[in-house]
Amino acid sequence: MQRQLKTGISDVFPELTEDVIGRMRNAASPRLRAVMEILIRHLHAFVRESRLTQEEWGYAIDFLTRTGQICSQQRQEFILLSEILGVSMLVDAVNHRSGVGITDSTVLGPFYTGRQRELGPGEAILLRQEDGEPVTMTGKVSTEGGAPIQNALVEVWQTAPNQLYDVQDHDQPEGHLRASFRTDAQGRYCFRSILPVSYPIPNDGPAGQLLEMMGRHPFRPAHVHFMISAPGHRKLITHLFLEGDEYLQSDAVFAVKSSLIVTPRMKDGALTIEYDFGLSRESDLPPQPG
């Protein structure tokens, strides 16, 4: 049902908003009070501007309830909801500095399952044979000034050719297509995998239902996840996306950045993706408002 949105209604019960905010004078911290004041003002303004009905608010509460009920150790529906609304990418943008020598960050996603087994250079992250095309991924990890970072921890994970992560598929061995590596003295990393494929985010729950209601598809372009950490540097969470994927311009979670798109090429008889990562200093933290 379409309803006409009206403007100029800020006079609807304004004292309620001030009363709610005023009662936070004894909040646990100034930061909490500042964030909650902003949230309350925007939430109240949303209700006024949209002229939200009691039926619509009831549906919203039911939607959030169902979102929580479907969450489990293997599935985080609230992360999916945050990502399809672009909130996760916005939080990432607010909190990460970009610039020359620093690799762009992107969303963590709901399928990171913690640090995995540590493998040696050039080893494969597969725990079973797959039909996907073999690929070698290699490059180096450096400071933003270009100095190699030795012993950086490089964590990687991706889907299988059936478009599922191991935690979504009981037939896959636990830890399949996931692993950890250490960079060498030149900052280099290297591992073997298979080309990733595009896949739909879980769309059988509230987040998927909302996508359909908004007229959007649930697909993500083919990518490999990276999480790279080293002492004295900010942890980098990012993806590498495959050039030519049909969903690069319409990623369901808005995570694609042009600097993260790669093209596999033949090198020494093997399909190879080469990509160098640059980490920012740990001191490069954004200021906290409030």
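The values are calculated or read from the model by the stated rules, or taken from the named source; none is laboratory data. What you see is a predicted model, and the numbers here were worked out from it, not measured in a lab. When the accessible area is computed, the model is the full protein with side chains, heavy atoms only, and any ligands, DNA or RNA have been set aside. Shrake-Rupley method; radii C 1.70, N 1.55, O 1.52, S 1.80 Å.
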Legend entry - Computed log₁₀ I(q)/I(0) - Debye formula, equal Cα scatterers, no solvent, the chain, q 0.09, 0.11 Å⁻¹: -0.55, -0.78
Legend entry - Solvent-accessible heavy-atom area per residue, rounded to whole Å², over the chain at 1.4 Å: 55 Å²
Legend entry - For segment 228-280: relative contact order, % (alpha-carbon pairs under 8 angstrom, 6 or more apart): 34 percent
Inset, instruction - For segment 179-290, just say rounded, prolate or oblate: build the C-alpha gyration tensor, square-root its eigenvalues into a ≥ b ≥ c, call rounded for a/c under 1.5, and beyond that prolate if a/b exceeds b/c, oblate if not. - result: oblate
Inset, instruction - Rank these by accessible area, largest first, 1.4 Å probe: 165, 59. - result: 59, 165
Legend entry - All aspartates and glutamates inside 12 Å of residue 257 as judged from Cα atoms, apart from same-chain residues fewer than 8 positions distant: 104, 243
Legend entry - Order of exposure, largest accessible area first, which applies to 46, 277 with probe 1.4 Å: 46, 277
Legend entry - Carbon plus sulfur fraction of accessible area for segment 61-106, probe 1.4 Å, in percent: 63 percent
Inset, instruction - Pop out the carbon and sulfur fraction of the accessible area of segment 127-279 as a percent, whole number, probe 1.4 Å. - result: 48 percent
